[in-house]
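Worksheet for the structure shown next.
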Amino acid sequence: METQVSSRMKNVLLIINCIILAIGYCGAPLIMRLYFIKGGKRIWLSCWLETIAWPINFIPLAISYLYRRKNNNNNNNTSKLILMTPRIFIATIGIGILQGLSNYSYSYGVAKLPVSTNGLLTSTQLDFIAFFAFIIARLKLTSYSINSVFLLTIGAVVLALHSSEYILGFFMSLAAAALTGLIFPLVELIYKKAQQAITYTSVLEFQTVYCFVATVFSTVGMIINNDFQAISSEAKSFELGEGKYYVVIICIAIILQFYFLGSIGVIYSSSSLVCGILISVLLPVTEVLAVILYGEKFSAEKGISLALCLWGCASYFYGDYKDNKKRENSNQSLETETIDKTKCTP
């Protein structure tokens, strides 16, 4: 299933996953903010909702398994129910705990900050990805990536100068961005050390396990904070009504899974670069929607921060694009030299 998909089908999958990612990325902070501004106060509950819909992943996993069984051609490896190795499974548990911490930090930020401010702070995850990739994966820092880190940092500082009343929410949003920036290089390192081919199914299994672990993490927090007992009373006092309260929390769970599924789908159908570019493009969309739907003030500081964030993202991805083109040209030159030497050999 993973290796025999035609290029045309991959393009179709790319478009579908881009739409799913757009819905998840733009919709998640908006629907979560709706929960808080209309009377919701449970941060552990919103954290729990971020990954509780993980069983949805069983649908594409089941389809993948049935397809592999039908077309296994007597290959026992492709007909396995679970492709994930025990080594990756153990490492995934650690990623799940980090994801749980990231979810709590993100939920706290959404609860305390306007969507537009939280979105700008979340975009600084590119800073942390570059930093941790340099330390963990020994990724070479270029002038473009350093410029990107500088611009995104300045953008965050501009916001910090006018966020004294939300200082804890500010730092929690940055913590969520930092944890996300740590998780991505660690995932890359896990697959590199595991020496296992990265397929859509294996990545989906990885996501299912770490979302489950993150859900267990937030469930413990909910039990300690007595959030399960408080749901019914909170629903009755919800400004939009008790019935709409449950609609909102269900939508939070589903839309967050859209984000996760869309992300891995875009990476599988194209690349992590395209996924990152799409998220950067969607940043101003989220900002505009927050202003329209919730009447948030888009101050001069936010405008400057947004411009710096977009500039920083553009710098990062342009540098990555140039590096990829340089590698491609270098590989083509080596192939040409090899062919010429082969022709000259008597």
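At-a-glance table
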{"quantity": "Considering residues of the stretch 200-258 that are touching a residue at least 40 places away in the same chain (Cβ under 8 Å) and part of a loop (DSSP other than H, G, I, E, B) only, the residue least open to solvent (accessible area, probe 1.4 Å)", "calculated": "Phe238"}
{"quantity": "Whichever residue in the stretch 132-158 is in contact (Cβ under 8 Å) with a residue 24 or more places away in the chain and in a loop (DSSP other than H, G, I, E, B) and, among such residues, is most open to solvent (accessible area, probe 1.4 Å)", "calculated": "Leu139"}
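The values are calculated or read from the model by the stated rules, or taken from the named source; none is laboratory data. Note that the structure is predicted; figures quoted are calculated from it, not measured. Note: ideal-geometry Cβ built from the backbone for every residue, glycine included; neighbour counts use all protein chains shown. Calculation scope for accessible area: heavy atoms of the full protein, side chains included, ligands and nucleic acids excluded. Shrake-Rupley method; radii C 1.70, N 1.55, O 1.52, S 1.80 Å.
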